[in-house]
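Data first, discussion second: the structure below is written as structure tokens.
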Ligand SMILES: [Mn+2]
């Protein structure tokens with residue numbers, strides 16, 4: 001599969017500066033299924049994407065975007081974690097900008113552990129409707145409901161857009177590093193306030209359900225009151241301009257038949273993040 005239908009020149013493994021690792025795992029979701037089909041739908045939509053980005057006046061595809069073979073492990077959440085963790089460790093030995101696409105949010109656990117071991121003082125910036133801080137759920141610590149529990153213990157975790165959680169997660173939450181959806185709605189001051197709390201190296205994990213279901217209905221657990229496109233883009237642009245984003249993942253796209261706009265949003269978001277990462281600005 002090729003992002004943006006790029007010619008060989010801009011998608012071959014060795015010359016591409018950007019590598020895209022897909023992990024189409026959907027084993028622990030409990031409500032809406034289908035995030036195992038998310039990557040394929042995003043790639044399909046990306047073929048319709050205009051590759052010139054107006055905002056950054058750039059064509060980031062020229063750096064090369066290579067899709068690695070998917071990590072296909074799906075026997076158990078534990079095995080997925082082990083495989084993702086060891087693969088990410090390997091990928092981090094190369095001088096590439098690493099990006100990941102789910103699958104469900106549990107795939108981020110192994111990725112974040114590997115990034116944490118490479119980057120001292122890592123910040124993980126989580127955009128998500130859900131806190132995902134449970135230590136264990138349905139008998140495993142690698143359930144999607146636990147996606148950021150370990151990160152909360154080992155890195156500087158900032159959470160943005162949260163609007164759904166269980167009271168049992170409160171003891172694992174540092175509220176000074178949480179920007180709840182209800183508090184940031186219609187406001188902008190929170191953006192700089194959150195960035196102030198970030199270390200230099202930032203890993204970004206985006207659960208697509210952080211977006212409002214009006215623009216992103218294709219997730220397993222859509223929650224009302226989510227973020228909209230321009231609010232999210234102006235925030236992420238600030239993050240990319242002021243910090244060193246060392247990698248990112250996008251998870252939980254569960255495509256719905258007949259709804260192409262959300263798949264396209266995911267493809268556009270992916271390309272936007274790359275455009276911000278490699279933006280040349282004064
Ligand atoms: Mn979520």
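The values are calculated or read from the model by the stated rules, or taken from the named source; none is laboratory data. From a predicted model like this one, the values you see are computed outputs, not experimental measurements. Note that each Cβ is placed from the backbone with ideal geometry, even for glycine, and that neighbours are counted across all protein chains shown.
Pull up the range 72-106, narrow it to residues that are in a helix (DSSP H, G or I) and in contact with a helix residue (DSSP H, G or I) (Cβ under 6 Å, 6 or more places away or on another chain), then point me to the one that is nearest to residue 13 (Cα to Cα).
Step by step, filter the range 72-106, then rank; the result is 88.
Counting only residues that are over 17 Å from residue 268 (Cβ atoms) and in a loop (DSSP other than H, G, I, E, B), how many does the range 27-71 have?
Matching residues across the range 27-71 total 13.
Can you find a residue in the range 59-76 that is without any contact (Cβ under 8 Å) to a residue 40 or more places away in the chain and closer than 17 Å to residue 98 by Cβ?
At the first step, the residues of the range 59-76 found to be without any contact (Cβ under 8 Å) to a residue 40 or more places away in the chain are 59, 69, 75.
Filter once more, so that each one left must be closer than 17 Å to residue 98 by Cβ: 69.
Looking for residues that are without any contact (Cβ under 8 Å) to a residue 40 or more places away in the chain and closer than 17 Å to residue 98 by Cβ, one finds at least one in the range 59-76, hence yes.
Answer yes or no: is there a residue in the range 154-161 that is within 14 Å of the ligand (Cβ to nearest atom) and either closer than 19 Å to residue 112 by Cα or surrounded by fewer than 19 Cβ atoms within 10 Å (Cβ to Cβ) (or both).
yes
Looking at the range 183-218, which of its residues are in a loop (DSSP other than H, G, I, E, B) and either within 16 Å of the ligand (Cβ to nearest atom) or at positive phi (or both)?
186, 212, 213, 215, 216, 217, 218 - these are the residues of the range 183-218 that are in a loop (DSSP other than H, G, I, E, B) and either within 16 Å of the ligand (Cβ to nearest atom) or at positive phi (or both).
So in the range 144-153, with the set limited to residues that are within 10 Å of the ligand (Cβ to nearest atom) and not in a loop (DSSP other than H, G, I, E, B), which one is surrounded by the most Cβ atoms within 10 Å (Cβ to Cβ)?
It comes out as 144.
What is the number of the single condition among (1) surrounded by 23 or more Cβ atoms within 10 Å (Cβ to Cβ); (2) away from the ligand (no atom under 14 Å from the Cβ); (3) in contact (Cβ under 8 Å) with a residue 40 or more places away in the chain that residue 103 does not meet?
Every condition holds for residue 103 apart from (2).
Anything in the range 226-258 that is modelled with pLDDT of 95 or more, more than 13 Å from the ligand (Cβ to nearest atom) and not in a helix (DSSP H, G or I)? List them, or say none.
Filtering the range 226-258 down to residues modelled with pLDDT of 95 or more leaves 226-256.
Restricting the remaining residues to those that are more than 13 Å from the ligand (Cβ to nearest atom) gives 228-248, 255-256.
Across the range 226-258, the qualifying residues are 228, 243, 244, 245, 246, 247, 248, 255, 256.
Condition first: within 21 Å of the chain's Cα centre (by Cα) and exposed (fewer than 13 other Cβ atoms within 10 Å of the Cβ). Now tell me which residues in the range 56-69 satisfy that.
69
For the range 129-143, how many residues meet the condition of being within 13 Å of the ligand (Cβ to nearest atom), assigned to a loop (DSSP other than H, G, I, E, B) and on the phi < 0 side of the Ramachandran plot?
Selection size over the range 129-143: 5.
Does residue 72 satisfy being surrounded by fewer than 23 Cβ atoms within 10 Å (Cβ to Cβ), modelled with pLDDT of 95 or more and more than 16 Å from the ligand (Cβ to nearest atom)? So that I can check it myself, show each step before the final result.
Numbers: surrounded by fewer than 23 Cβ atoms within 10 Å (Cβ to Cβ): yes; modelled with pLDDT of 95 or more: no; more than 16 Å from the ligand (Cβ to nearest atom): yes.
No: the conditions fail for residue 72.
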